[in-house]
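The values are calculated or read from the model by the stated rules, or taken from the named source; none is laboratory data. Since the model is a prediction, treat every value here as computed from it, not as a measurement. All Cβ positions, even for glycine, are placed from backbone atoms using ideal geometry, and neighbour counts span all protein chains on display.
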Amino acid sequence: MRFAQTGDVTELVKLVNSAYRGDHSRLGWTTEADLLDGIRTHPEHMLEQITSPNSVMMVITGSTGGIKACVYLQEKQPLLYLGMLTVKPELQAAGIGKRLLDTAEAYARSLGLDGVQMTVISVREELIAWYARRGYLPTGEKLPFPEEEALGVPRQHIEFVVLEKKF
């Protein structure tokens, strides 16, 4: 596991888009292909996430060096915001996502933070249940889906639920 560098942007964009949107995403269980059209991220957005203050993108590479998973982490006192947890669709359900989540929690603890917070699309019941099994609970807060076409066009009304795990 390592932190992403600016030279990883192209590979990260390809990974994230292939895991969340389009037919390839259907190989895994985290697809949003039936909920949103378009892409999940673009190079400018990814570069901003990698280079923003108090933010990191952790990556897991395979034996050949290619990136097989990533997670975005941003320090937002007193919590760590976790987003874009991504595993190649053909590698999902092999424990890689759980490993990334555990590493993110350890990172939050190393920063002296109180826990981890994330947003999940409210209709992603299986994903919310996966996080709940790992101690993440809904806060009751809901947020609108961003109206930024560059990050996807909803096929139906969707919103985010906020999940938290306190230490």
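Consider Lys76 carefully, then state whether it is touching a residue at least 24 places away in the same chain (Cβ under 8 Å) and either in contact with a Pro (Cβ under 8 Å, 6 or more places away or on another chain) or under 21 Å from Pro146 (Cα atoms) (or both).
The answer is yes for Lys76.
With segment 41-112 as the region, which strands (runs of 3 or more DSSP E) entirely inside it contain at least 1 residues that are within 21 Å of Ile128 (Cβ to Cβ)?
Those strands (runs of 3 or more DSSP E) span 67-76, 79-87.
Quick check on segment 1-40: of everything there that is of a type in the set (Val, Ile, Thr) and not in a helix (DSSP H, G or I), which residue is nearest to Met58 (Cα to Cα)? Please lay out each step first, then the result.
Step one: of segment 1-40, the residues of a type in the set (Val, Ile, Thr) are 6, 9-10, 13, 16, 30-31, 39.
If we keep only those that are not in a helix (DSSP H, G or I) as well, we get 30-31, 39.
On the way: Thr30: 19, Thr31: 21, Ile39: 21 Å.
By that ranking, first place goes to Thr30.
Go through segment 90-116 residue by residue and tally those that are modelled with pLDDT of 95 or more, surrounded by fewer than 16 Cβ atoms within 10 Å (Cβ to Cβ) and on the phi > 0 side of the Ramachandran plot.
The total comes to 2.
Would you be able to tell me the number of residues in segment 133-167 that are free of Cβ contacts under 8 Å to residues at least 40 places away in the same chain and either crowded, with 17+ Cβ neighbours inside 10 Å or not hydroxyl-bearing (Ser, Thr, Tyr) (or both)?
Total meeting the criteria: 17.
Restricting to segment 117-132, and then to whatever is of a type in the set (Val, Ile, Thr) and not in a helix (DSSP H, G or I), can you tell me which residue is surrounded by the most Cβ atoms within 10 Å (Cβ to Cβ)? Write out each step before concluding.
Step one: list which residues in segment 117-132 are of a type in the set (Val, Ile, Thr), which gives 119-121, 123, 128.
Pick out the ones that are also not in a helix (DSSP H, G or I) and you get 119-121, 123.
On the way: Thr119: 17, Val120: 19, Ile121: 17, Val123: 16.
Restricting to residues being of a type in the set (Val, Ile, Thr) and not in a helix (DSSP H, G or I), the top hit is Val120.
Among the residues in segment 141-148, are any touching a helix residue (DSSP H, G or I) at 6+ places or on another chain (Cβ under 9 Å), among the aliphatic types (A, V, I, L, M) and not in a helix (DSSP H, G or I)?
no
Can you find even one residue in segment 8-25 that is modelled with pLDDT under 95, farther than 21 Å from Pro154 by Cβ and surrounded by fewer than 21 Cβ atoms within 10 Å (Cβ to Cβ)?
Within segment 8-25, none of the residues are modelled with pLDDT under 95, farther than 21 Å from Pro154 by Cβ and surrounded by fewer than 21 Cβ atoms within 10 Å (Cβ to Cβ).
From the set of residues in segment 5-48 that are over 22 Å from Gly65 (Cα atoms) and of a type in the set (Lys, Arg), which is nearest to the chain's Cα centre (by Cα)?
Selected residue: Arg40.
Could you please tell me which pairs satisfy a Cβ distance under 7 Å, a separation of 6+ or placement on different chains, a first residue in segment 91-104 that is within 11 Å of Trp29 (Cβ to Cβ), and a second residue that is outside any helix (DSSP H, G or I) and aromatic (Phe, Trp, Tyr)?
Filtered contacts from segment 91-104: Gln92/Trp29; Ala93/Trp29.
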